[in-house]
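**Q** Before I ask anything, here is the structure I am working with.
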Amino acid sequence: QMCIRDRAYQPARQRKDVIMFEEPTCSVTEVPEDAIVLDVRGRDEFAAGHIKDAINVPLDELQERQEEVPFDVDVYVICRTGRRSAHATQFLNMAGHDCIMVVGGMDQWHHEAELPIVAEGDAAPYVK
């Protein structure tokens, strides 16, 4: 699967009162090793297991904490399955960030692609 990085956002679906945009996406195996990863899951989910060096800003705090998300670099946004990261990616891109949604989320990252995760403390990491 190719990473979709078209920054000229095109409406995916239009209704009279709503325009939804397709955001850039990539698979878990396309996330660069040195990528900036934004994890928008809750704090307890993040603590249980996350990508090393990921930034945790839960979706419900994103509006107030969006200054923690870097500008002018690609930021890979992930959650457990993809729903929260889709909302976060759209919100941040509309605010001028360069975000890419990681399709399949942490479930795909850890369970299917078997990519590494870490936990806070000495507990064994798992996707919650």
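The values are calculated or read from the model by the stated rules, or taken from the named source; none is laboratory data. All values derive from a computational prediction rather than experimental measurement. Here the Cβ positions follow ideal geometry from the backbone for every residue, glycine too, while neighbour counts run over all protein chains shown. Ligands, DNA and RNA are excluded from the accessible area calculation, which covers all protein heavy atoms including side chains. Shrake-Rupley method; radii C 1.70, N 1.55, O 1.52, S 1.80 Å.
**Q** Output the residues belonging to the stretch 86-128 that are open to solvent by less than 20 Å² (accessible area, probe 1.4 Å) and assigned to a strand (DSSP E or B).
**A** Listed by number, the residues that qualify are Cys99, Ile100, Val102.
**Q** For the stretch 34-54, give me each residue that is buried (at least 16 other Cβ atoms within 10 Å of the Cβ) and not in a helix (DSSP H, G or I).
**A** Result: Ala35, Ile36, Val37, Leu38, Asp39, Val40, Arg41, Gly42, Gly49, His50, Ile51, Ala54.
**Q** Quick one: count up the residues across the stretch 89-111 that are among the aliphatic types (A, V, I, L, M) and either in contact with a Leu (Cβ under 7 Å, 6 or more places away or on another chain) or closer than 16 Å to Pro58 by Cβ (or both).
**A** 2
**Q** Given the structure, is Asp6 in a loop (DSSP other than H, G, I, E, B) and modelled with pLDDT under 95?
**A** When the stated conditions are applied, Asp6 passes them.
**Q** Inspect all residues belonging to the stretch 102-109 and state whether any of them is touching a residue at least 60 places away in the same chain (Cβ under 8 Å) and among the charged types (D, E, K, R).
**A** No: zero hits.
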